[in-house]
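Since the structure comes first, as C-alpha cells, the remarks are kept for the end.
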Amino acid sequence: MSTRRKTSRTVRGKTRRAPAARRPVPAGKPRPDSDELEPPSEERLSREQAASKPLRRQSKDTALEAFRERFGRAPLTTDQGIPVQQTDDSLKAGPRGPTLLEDFHLREKIMHFDHERIPERVVHARGSGAHGFFQVYEPLAELTSAEFLNDPSARTPVFVRFSTVVGSRGSSDLARDVRGFATRFYTREGNFDLVGNNMPVFFIQDGIKFPDLVHAVKPEPHHEMPQAASAHDTFWDFVSLVPETLHMVMWLMSDRAIPRSFRMMEGFGVHTFRLVAGSGRTSLVKFHWKPVLGAHSIVWDEAQKISGRDPDFHRRDLWEAIERGQYPEYELGLQVMDEDQQLAFGFDLLDATKLVPEELVPVRRVGRMVLDRNPTNFFAETEQVAFCIGNVVPGIDFTNDPLLQARLFSYLDTQLLRLGGPNFTELPINRPLAPVSNHQQDGLGRQSIHTARALYHPNSIANNHPRPARVDGFVHVPEPVRGAKVRQRSDSFLDHFSQARLFLHSQSAPEREHLVEACRFEIGKVERLAIRERVVALFAEIDAEFAAEVATMVGVKPVKPARQPPVAQPTGTPPPSGGPAKGHVTSPALSLLNQPHDSARTRKVAVLAAPGARALDLEIVEGELAAAGVLCEVVSLSLGPFATDEGRPCEAQKTFLTTDSVLYDGVYVAGGADSVASLLGLEQVRLFLGDAFRHAKPIGATNEGVELLGAVELPQIELAHEASAAETSDRGVVSAWTDGAGGLQGFAAAFVDALAQHRHFDRPRSQLRPQLRNGTETA
Ligand code: HDE
C-alpha cells in the first residue's frame with residue numbers, strides 16, 4: 001500500500017544521493033538553485049581549481065563538491081597514500097607475541113581515532129543542518145543595499161542549523177528548551193549569518209550575564225545533572241534573582257519550547273538590527289522566519305515519551321522530509337521601524353527581552369527560504385559550521401543592543417577552541433562563495449597556499465594588492481556615540497513584567513493551561529523552598545492568579561504582589577484588541593492557536609491494520625491522505641506483508657514494539673472484522689489510541705475500525721452509527737461506516753481537516769478507562 005519514493009542509488013557498492021538535478025521537486029515549484037547551480041559534474045573538480053578559482057558564480061553545492069571524497073574502487077591506503085595490505089591484525093612478533101612499534105598503519109589508525117572528537121559547542125551543542133536557498137520577492141532598495149535582498153532572480157545558497165541550547169550533543173531533541181535557528185546566506189557579497197532562535201526575546205539584557213545564565217541552566221556542577229533540562233535549582237535560583245529573565249521564562253514554559261518539528265517553528269533574529277539603503281538612509285529592523293506549514297507544538301507528556309522512543313525525533317523529521325522532497329519552507333519577515341522609534345513603543349528597542357507586537361508593526365514578508373538538500377557528512381558540515389553574528393554584508397548593520405554587542409565578541413572567539421585555530425573560515429562549509437583576498441597569514445591548519453610575497457598593507461611589491469574596496473566596501477553606520485564610561489543599565493530597560501504579562505494573556509486557554517502545568521513541573525523539581533517562594537513571588541508581579549495556580553502545586557503559599565508595575569501601553573497605535581484573554585492587553589500573534597491551520601501537508605499518520613484489514617479502506621484512505629501530502633505508515637502485529645480481506649498484500653512498516661503513538665500526528669484504524677479482532681486483544685493498541693486521544697491528536701476509523709474506538713471508550717466522544725451514511729466528526733475523532741469509495745473519500749477529507757487543525761484541545765480531560773471492554777485486562 002504505502003510506497004516510499006527512492007531518493008538514493010547505489011554507486012559501486014556505496015549509497016549515494018541522487019544528483020540535485022534528478023531529485024523530486026514538488027509540483028509547481030521552481031527547481032532549487034537552478035540559475036546558479038550547475039548540477040555537479042560526475043567528475044570531481046580538482047582541488048587546485050577549487051582553491052584558486054573565484055567562487056562567485058558557483059553554488060555552495062558545487063563548491064562543496066570539490067572537497068567530497070568518493071573512494072570508488074581505490075585500494076585502502078594510509079593517510080600518506082601507501083596501500084595497506086591487511087587491516088584486521090596488528091603487526092606482532094608471532095601470532096601470540098607483542099605488537100611492534102614499527103606498525104605505522106596501526107599507530108596512524110589509532111592516533112586518528114583518538115582525536116576524532118572536537119569540543120562540543122558550549123551552548124547549542126545538539127543540532128541538525130540542511131542546505132537550501134533564499135530568494136527575495138522584490139527588490140528592497142528603499143531599505144537596504146544588500147544585493148541578495150535586491151535581486152529577485154538570484155537564489156542565494158543557505159545553510160541552516162537548528163539546535164537545542166542546553167543539552168549535550170547526544171541529548172534528546174525533545175527537551176523543553178529554546179531552539180536555535182541559525183542561517184548562513186552565502187551571498188555574492190560575502191557570508192551573512194542570521195543567528196537566531198525560535199523565540200523572539202532572550203533571558204538577559206546584557207551579554208555580561210550570559211556565562212551566569214548558562215552556568216545556571218546547564219547541569220549542576222557537582223554531579224552534572226540534570227541533562228538538557230531547566231527543571232532544577234540553579235536555573236530557577238537565577239530566575240528568581242534576575243527578573244529580566246521572566247518574559248523569556250514565559251516563552252520557555254509555553255508550548256513554543258516543545259515544537260512539533262523544526263519545519264513548524266518560527267524563527268527570530270531577536271535583536272534590533274539596522275538596514276542601510278544605498279542612499280545612506282537607515283532603518284531599524286527585527287528579522288522573522290515564518291514557517292509555511294505554520295508553527296505547531298506537541299504536549300509535554302508526549303515530549304517526555306518521545307525522548308525515550310526516538311530522541312532523534314526532530315533530526316529525523318527534518319532529514320526524512322527533505323529526502324522525500326517535502327522541502328521545509330520559511331518566509332523571511334521584516335518589522336521595519338524608523339530610527340526615531342527606538343523608545344516609541346513603551347520599551348527600548350535595544351532591550352532584547354522585549355518584542356515588538358506584530359499588531360503594532362506588521363511583519364512584511366519579503367522572501368522565502370527552501371531547505372532542499374541534506375548534508376553529505378554531519379561532522380564536516382553541521383558540526384564544523386561556525387556561525388558568527390558579526391558576519392554581515394553591506395546594507396545590514398548592528399545596533400547598540402548590549403546583548404548583541406557581546407555576541408559580536410563571542411562567536412569568533414569560541415571557534416578558536418572548538419575548531420582549533422583561526423583558519424576555520426577555510427573549512428569547506430565556512431568558505432564564502434565570494435572571493436577572499438586579504439593579508440591573513442599562517443596559523444594552525446592553514447589550507448590555502450598564498451603565492452603573494454607581500455602579505456601586508458601598504459605594499460609596493462604587489463602594487464598594494466589586495467586593495468581596500470573603496471566603493472563597495474562595508475561602511476559601518478556612522479552613528480554618533482557620546483556618553484560617560486559606566487557599568488550601568490539604562491532606565492528604559494527596567495520594566496521586566498509588562499511583556500511577560502502580555503505573553504501570558506495572549507495565550508489561548510489550553511496554551512495557558514500547558515504553561516501553568518510546565519511551571520508546576522519545573523518549579524516542583526526545585527528542592528529549595530526559598531527558591532520556589534521567590535519564583536512564585538515574581539510570578540505574582542506578572543499575574544496574581546497565575547502565581548496562585550502555580551503556588552498550590554509547588555508547596556508555596558500564594559503571595560500578594562509587592563507592587564503592580566504599570567502596564568507599558570504601546571504608544572502610537574491602539575493596543576491590539578481581541579484575542580483569547582479579554583480585558584487584557586494581548587497580542588494575538590503570540591498564540592499558536594492563531595497560526596495557519598489550513599494544511600495537513602507532511603503530517604504523519606499511523607495506520608493500524610492486521611491480517612484481514614479491509615483492502616478498500618486502506619487503498620482509498622491512504623490514497624486520499626497521500627494526495628493531501630500526508631504520510632502514512634502501517635503499524636501491525638509483525639513486520640512485512642500481510643493479507644487483506646481481498647487477499648492482496650499490505651506491507652507493515654512498523655510494529656507496536658518498534659513505534660509508538662507519540663511519533664505520529666494522528667491515527668487511523670482501518671475496517672475489517674479479522675483485523676479489528678486481532679487489534680482488540682492487544683494492550684499496546686489501547687495505549688496507542690489512548691495516548692493519541694490524551695495528546696489531542698486526530699483519530700480516524702472506518703467500518704469495523706469504529707468498533708475498536710468504541711471498545712477503547714473515548715470519553716464523551718460521539719462515533720458514527722452503522723446505519724448512518726455520512727461520517728461523524730467529534731472533536732478530532734472522525735468515524736464512518738461506509739462500503740463505497742465515495743463514503744471513504746468523504747471520511748478521508750474530514751480526517752485531513754482534523755489533521756490540519758493539528759490538535760483538539762476541546763476534548764474532555766477525564767481519564768480513559770483502564771481496560772478494553774472486549775480486550776485483555778490491563779494495569
Ligand atoms: Fe549564542 N552562542 N550567545 N545566542 N547562539 C553560540 O557560538 C552567545 C544568543 C545562538 O548552530 C556559541 O558557535 C553569547 C542569543 C545560536 O552553530 C557562543 C550570548 C541568540 C547558536 C554563543 C548569546 C543566540 C549560538 C556557542 C549573549 C538568539 C548556535 C557555539 C551575549 C538571537 C549556532 C558557537 C550554531 C551559539 C554565545 C546569546 C543564538 C558561545 C555570549 C540572544 C542559534 O559563541
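The values are calculated or read from the model by the stated rules, or taken from the named source; none is laboratory data. Predicted, not measured: the structure shown is a model, and the values here were computed from it. Here the Cβ positions follow ideal geometry from the backbone for every residue, glycine too, while neighbour counts run over all protein chains shown. In case anyone asks, the SASA skips ligands and DNA or RNA and just uses the protein heavy atoms, side chains included. Shrake-Rupley method; radii C 1.70, N 1.55, O 1.52, S 1.80 Å.
Key figures
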{"read-out": "Any hit, the stretch 371-385, residues being in contact with a helix residue (DSSP H, G or I) (Cβ under 8 Å, 6 or more places away or on another chain) and within 8 Å of the ligand (Cβ to nearest atom)", "value": "no"}
{"read-out": "Residue satisfying condition, being closer than 25 Å to residue 188 by Cα and open to solvent by 100 Å² or more (accessible area, probe 1.4 Å), within set 482, 467", "value": "467"}
{"read-out": "Unmet requirement for residue 741, which otherwise passes all of (1) over 24 Å from residue 602 (Cβ atoms); (2) hydrophobic (A, V, I, L, M, F, W, C); (3) buried (at least 24 other Cβ atoms within 10 Å of the Cβ)", "value": "(3)"}
{"read-out": "Matching entry among 289, 319 (being open to solvent by 10 Å² or more (accessible area, probe 1.4 Å) and not in a loop (DSSP other than H, G, I, E, B))", "value": "319"}
{"read-out": "Residue 268 in contact with a Leu (Cβ under 7 Å, 6 or more places away or on another chain), open to solvent by 10 Å² or more (accessible area, probe 1.4 Å) and over 20 Å from residue 517 (Cβ atoms)", "value": "no"}
{"read-out": "Residue in the stretch 413-428 that is without any contact (Cβ under 8 Å) to a residue 24 or more places away in the chain and touching a helix residue (DSSP H, G or I) at 6+ places or on another chain (Cβ under 8 Å) present", "value": "yes"}
{"read-out": "Count - residues of the stretch 430-453 that are open to solvent by less than 90 Å² (accessible area, probe 1.4 Å) and touching a residue at least 12 places away in the same chain (Cβ under 8 Å)", "value": "15"}
{"read-out": "Members of the stretch 292-312 that are hydroxyl-bearing (Ser, Thr, Tyr) and surrounded by 21 or more Cβ atoms within 10 Å (Cβ to Cβ)", "value": "297"}
{"read-out": "Residue match in the stretch 589-609 (condition: crowded, with 20+ Cβ neighbours inside 10 Å and of a type in the set (Lys, Arg))", "value": "yes"}
{"read-out": "Any chance residue 438 is part of a loop (DSSP other than H, G, I, E, B), modelled with pLDDT of 95 or more, touching a helix residue (DSSP H, G or I) at 6+ places or on another chain (Cβ under 7 Å) and not basic (Lys, Arg)", "value": "no"}
{"read-out": "Lone unmet requirement of (1) within 16 Å of the ligand (Cβ to nearest atom); (2) under 27 Å from the mean Cα position of the chain (by Cα); (3) touching a residue at least 12 places away in the same chain (Cβ under 8 Å) for residue 489", "value": "(2)"}
{"read-out": "Qualifying residue in the stretch 653-669 (condition: surrounded by fewer than 21 Cβ atoms within 10 Å (Cβ to Cβ), on the phi < 0 side of the Ramachandran plot and in a strand (DSSP E or B))", "value": "yes"}
{"read-out": "Filtered residues of the stretch 67-100 (kept if free of Cβ contacts under 8 Å to residues at least 40 places away in the same chain, open to solvent by less than 100 Å² (accessible area, probe 1.4 Å) and out of contact with any strand residue (DSSP E or B) (no Cβ under 9 Å at 6 or more places or on another chain))", "value": "74, 78, 81, 82, 86, 87, 89, 94, 97"}
{"read-out": "Verdict on residue 121 being in contact with a helix residue (DSSP H, G or I) (Cβ under 7 Å, 6 or more places away or on another chain), modelled with pLDDT of 95 or more and surrounded by 13 or more Cβ atoms within 10 Å (Cβ to Cβ)", "value": "yes"}
{"read-out": "Among (1) at pLDDT below 90; (2) open to solvent by less than 20 Å² (accessible area, probe 1.4 Å), the one test that residue 767 misses", "value": "(2)"}
{"read-out": "Residue 199, sole failed condition from (1) farther than 26 Å from residue 260 by Cβ; (2) touching a Leu at 6+ places or on another chain (Cβ under 9 Å); (3) in a loop (DSSP other than H, G, I, E, B)", "value": "(1)"}
{"read-out": "Check on residue 467, under 38 Å from the mean Cα position of the chain (by Cα) and not hydroxyl-bearing (Ser, Thr, Tyr)", "value": "no"}
{"read-out": "Selection count where residues are farther than 21 Å from residue 302 by Cβ, touching a helix residue (DSSP H, G or I) at 6+ places or on another chain (Cβ under 6 Å) and buried (at least 17 other Cβ atoms within 10 Å of the Cβ), scope the stretch 216-232", "value": "2"}
{"read-out": "Top-ranked residue of the stretch 101-118 - restricted to ones that are in contact (Cβ under 8 Å) with a residue 12 or more places away in the chain and away from the ligand (no atom under 14 Å from the Cβ), ranked as surrounded by the fewest Cβ atoms within 10 Å (Cβ to Cβ)", "value": "112"}
{"read-out": "So residue 340, is it in a helix (DSSP H, G or I), more than 15 Å from the ligand (Cβ to nearest atom) and over 26 Å from residue 595 (Cβ atoms)", "value": "yes"}
{"read-out": "Qualifying residue in the stretch 246-262 (condition: outside any loop (DSSP other than H, G, I, E, B) and either under 20 Å from residue 193 (Cβ atoms) or in contact with a Cys (Cβ under 6 Å, 6 or more places away or on another chain) (or both))", "value": "yes"}
{"read-out": "Residue check, residue 362 over 27 Å from residue 119 (Cα atoms), away from the ligand (no atom under 14 Å from the Cβ) and crowded, with 20+ Cβ neighbours inside 10 Å", "value": "no"}
{"read-out": "Evaluation of residue 253 against (1) more than 16 Å from the ligand (Cβ to nearest atom); (2) open to solvent by less than 10 Å² (accessible area, probe 1.4 Å); (3) within 16 Å of the chain's Cα centre (by Cα) (one fails), failing number", "value": "(3)"}
{"read-out": "Out of 614, 686, sole residue that is basic (Lys, Arg) and under 18 Å from residue 748 (Cα atoms)", "value": "614"}
{"read-out": "Among the candidates 276, 239, residue that is of a type in the set (Val, Ile, Thr) and open to solvent by 10 Å² or more (accessible area, probe 1.4 Å)", "value": "276"}
{"read-out": "Single residue of the stretch 164-215 satisfying the filter (near the ligand (Cβ under 10 Å from one of its atoms), basic (Lys, Arg) and within 27 Å of residue 226 (Cβ to Cβ)) that is surrounded by the most Cβ atoms within 10 Å (Cβ to Cβ)", "value": "179"}
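The rows are residues; the columns are (1) within 16 Å of the ligand (Cβ to nearest atom); (2) of a type outside the set (Ser, Thr, Tyr); (3) under 23 Å from residue 185 (Cβ atoms).
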position	(1), (2), (3)
393	no, yes, yes
402	yes, yes, no
415	yes, yes, yes
451	no, no, no
